[in-house]
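*Asks:* Questions regarding the structure given below will be posed in turn.
The values are calculated or read from the model by the stated rules, or taken from the named source; none is laboratory data. Values in this document were obtained by computation on a predicted structure and should not be read as measured data. Heads up, the Cβs are rebuilt from the backbone with ideal geometry, glycines too, and the neighbour counts pull from every protein chain shown.
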Amino acid sequence: MADTAILNELLNRIAPSHRQAFRSDYEAIRQLPGAATDLQKFLDDFLEHCHRLYAATAGAIWFRGPNDGPLSLKSSVGFERLGMNNGHEHAHLELLGYAMSQNKAFVVKPFSAPASDSGVANPTDSFVVVAPIEDGGKQLGIVELYLGPTPRRGKTVDERNCYAMWLDHLVRYLCQGVELRFLGSAAPLQPALVNLAATKAEIEGYKEAIRRSLEVTLNNYVGMSFGSLRNNQTFMRGVHELLEENGLRIACAECGAPSILRCQSAGNSKTGVFLYDHYLETGRTFHGGPSTFPRVRLVPKPPRRRSV
Ligand SMILES: [Zn+2]
């Protein structure tokens, strides 16, 4: 059965008032692999959402030790309520061992065997859904969810089988999350890179706002002179400092190249002329020469020139 078909089947059997919560827990599980959490937090979150989806009384995630070592408990909810510590641990571990040899999830009735020839049994009075965690042909561990003696979800055999298939689907997200964390390193790289990219986009937005704001400020002075060469030079130094701090340059009005706008004495102009000082392929070049402050367009400062 396709994943969406299973989802619809499960939603149909849930009271309409609970469907939204079911959908949000499912959506949360889909987002978990990419969340910026470490392995432990990821497993705890995964189990918590599954626990709610299944209206489970208890649940656990087990991982096999290195080199096919024994299973160890990685995350659990409500496990103490199962009464497993009254000599049932062994039977329970045998059931998990059997689950490790399976390639899909299954349901076990209270105090019953999963199959007639399995030789193992569910030692609790609860229905339990057990799913092997298989990733790329490798058995990593087990997820188990206890539905209670009279399940709130999974009231019929059909419905419980549906929930078993659904757990196989959810385990794929568990595998994704584990791959991104446990099999790599402690810190999940992929989500971190996504966060960096998002932050970079945000910073670009701020930069653009600064660029536009400075452009508006400078263009208030179009057509003006500050009365003397010295005043004009003082103004231009201030402008350049501000642009430098923000990684900006003024686009040359003639060729468009990023430039530093300077005011220099020239011929008979008392207040000097404004020149675009820039490096072109031919070397350091000056363009322009209006006697008043020109309309400017701001552009990013180019990378530092390499000395040849
Ligand atoms: Zn130019």
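*Asks:* Is one or more of the residues making up the range 268-276 without any contact (Cβ under 8 Å) to a residue 24 or more places away in the chain, within 19 Å of residue 239 (Cα to Cα), away from the ligand (no atom under 11 Å from the Cβ) and surrounded by 14 or more Cβ atoms within 10 Å (Cβ to Cβ)?
*Replies:* yes
*Asks:* If you check residue 213 against the conditions, is it more than 46 Å from the chain's Cα centre (by Cα) and more than 16 Å from the ligand (Cβ to nearest atom)?
*Replies:* The answer is no for residue 213.
*Asks:* Let me ask you something else. Can you tell me which residues in the range 268-286 are part of a strand (DSSP E or B), among the hydroxyl-bearing types (Ser, Thr, Tyr) and either under 49 Å from the mean Cα position of the chain (by Cα) or not assigned by TED's automatic domain parsing to the domain that holds residue 218 (or both)?
*Replies:* 276, 279, 285
*Asks:* For residues in the range 248-267 being part of a loop (DSSP other than H, G, I, E, B) and within 13 Å of the ligand (Cβ to nearest atom), which is nearest to residue 295 (Cα to Cα)?
*Replies:* Restricting to residues being part of a loop (DSSP other than H, G, I, E, B) and within 13 Å of the ligand (Cβ to nearest atom), the top hit is 253.
*Asks:* Taking residue 247, is it on the phi > 0 side of the Ramachandran plot and touching a residue at least 60 places away in the same chain (Cβ under 8 Å)?
*Replies:* no
*Asks:* Using the structure shown, decide if residue 91 is among the aliphatic types (A, V, I, L, M) and within 28 Å of the chain's Cα centre (by Cα).
*Replies:* For residue 91, the condition - among the aliphatic types (A, V, I, L, M) and within 28 Å of the chain's Cα centre (by Cα) - is not met.
*Asks:* Separate question: Between 241, 204, 159, which is of a type in the set (Asp, Glu) and outside the structural domain of residue 262 (by TED's automatic domain parsing)?
*Replies:* Answer to the selection: 159.
*Asks:* Of everything in the range 291-304 that's assigned to a loop (DSSP other than H, G, I, E, B) and within 16 Å of the ligand (Cβ to nearest atom), which residue is modelled with the lowest pLDDT?
*Replies:* Residue satisfying both the conditions and the ranking: 302.
*Asks:* Please enumerate the residues belonging to the range 176-202 that are assigned to a loop (DSSP other than H, G, I, E, B) and either at pLDDT 85 or above or of a type outside the set (Gly, Ala, Ser) (or both).
*Replies:* Within the range 176-202, 181, 182, 183, 188 qualify.
*Asks:* Across the range 226-240, which residue is nearest to the ligand (Cβ to nearest atom) among those that are closer than 24 Å to residue 280 by Cβ and surrounded by fewer than 18 Cβ atoms within 10 Å (Cβ to Cβ)?
*Replies:* Filtering first and then ranking leaves 240.
Yes/no matrix, rows are residues, columns are (1) in contact with a helix residue (DSSP H, G or I) (Cβ under 8 Å, 6 or more places away or on another chain); (2) over 24 Å from residue 42 (Cβ atoms):
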site: 64; (1), (2): yes, no
site: 74; (1), (2): yes, no
site: 79; (1), (2): no, no
site: 106; (1), (2): yes, yes
site: 132; (1), (2): yes, no
site: 145; (1), (2): yes, no
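*Asks:* Still on this structure, please answer the following. Please find, among 47, 73, the residue that is buried (at least 16 other Cβ atoms within 10 Å of the Cβ), outside any loop (DSSP other than H, G, I, E, B), at pLDDT 90 or above and out of contact with any Leu (no Cβ under 7 Å at 6 or more places or on another chain).
*Replies:* 47
*Asks:* For the range 203-225, how many residues are surrounded by 15 or more Cβ atoms within 10 Å (Cβ to Cβ) and not in a helix (DSSP H, G or I)?
*Replies:* 1
*Asks:* Could you look through the range 277-290, keep only residues that are under 16 Å from residue 232 (Cα atoms) and of a type outside the set (Gly, Ala, Ser), and pick out the one that is farthest from the ligand (Cβ to nearest atom)?
*Replies:* Here the residue is 290.
*Asks:* So residue 289 clears everything in (1) more than 49 Å from the chain's Cα centre (by Cα); (2) in contact (Cβ under 8 Å) with a residue 40 or more places away in the chain except one condition, right? Which one?
*Replies:* (2)
*Asks:* Every residue in the range 98-112 that is among the basic types (Lys, Arg) and buried (at least 20 other Cβ atoms within 10 Å of the Cβ), please.
*Replies:* Residues satisfying the conditions do not exist here.
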